[in-house]
């Protein structure tokens, strides 16, 4: 009689273990996965891999937040972790600091690493810094924003042109420079009446 009870308890234990494993693997989602799923469910799917009005949200271990929104997204058929976005807006909210706002016509976004390559009419607003360029490469692995190709820095009284600019996300430092050390950054100071 005892053996029968032990066998029944053992079978119940195995059944519970299998049920729990299946639940954790297939049904329990992280907050990020829930946010992505909700965003994709709210989107209108137009065709096989085109998504409209999508939004991704993520938070790193240090509490920095990254939000990217686009009017359209097209999933790469070869690598489904990559989405090609159109009419893109992104915000990086850093702990104890100002946020970085990025806009562009297009972007290539990796849903696993969150790395993003923005291109075509890129605009970056970071505190008192307003930068414009053709490309911006956002690397979370390196904590670096690289801005290049026709970089223009604008402020209320001056503007400058350079080859490249970099923003260190962790140290919150901006560096603007020329690729060729023999070339100089072009700076224009504007007088009160708007003349150079």
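A few notes on this one:
- Any hit, the range 49-72, residues being within 19 Å of residue 124 (Cα to Cα), over 14 Å from the mean Cα position of the chain (by Cα) and either at pLDDT 75 or above or surrounded by fewer than 11 Cβ atoms within 10 Å (Cβ to Cβ) (or both): yes
- Considered as a group, the residues in the range 145-188 that are surrounded by fewer than 16 Cβ atoms within 10 Å (Cβ to Cβ), over 21 Å from residue 121 (Cα atoms) and under 25 Å from the mean Cα position of the chain (by Cα) include one that is modelled with the highest pLDDT, and that residue is 168.
- Qualifying residue in the range 86-102 (condition: assigned by TED's automatic domain parsing to the domain that holds residue 162, out of contact with any strand residue (DSSP E or B) (no Cβ under 6 Å at 6 or more places or on another chain), farther than 18 Å from residue 173 by Cβ and modelled with pLDDT under 90): no
- Any hit, the range 127-136, residues being assigned to a loop (DSSP other than H, G, I, E, B), surrounded by fewer than 13 Cβ atoms within 10 Å (Cβ to Cβ), assigned by TED's automatic domain parsing to the domain that holds residue 62 and out of contact with any strand residue (DSSP E or B) (no Cβ under 8 Å at 6 or more places or on another chain): yes
The values are calculated or read from the model by the stated rules, or taken from the named source; none is laboratory data. The model shown is predicted, which means the values in this text are computed figures rather than measured ones. No Cβ is skipped: glycine too gets one built from the backbone with ideal geometry, and neighbour counts run over all protein chains shown.
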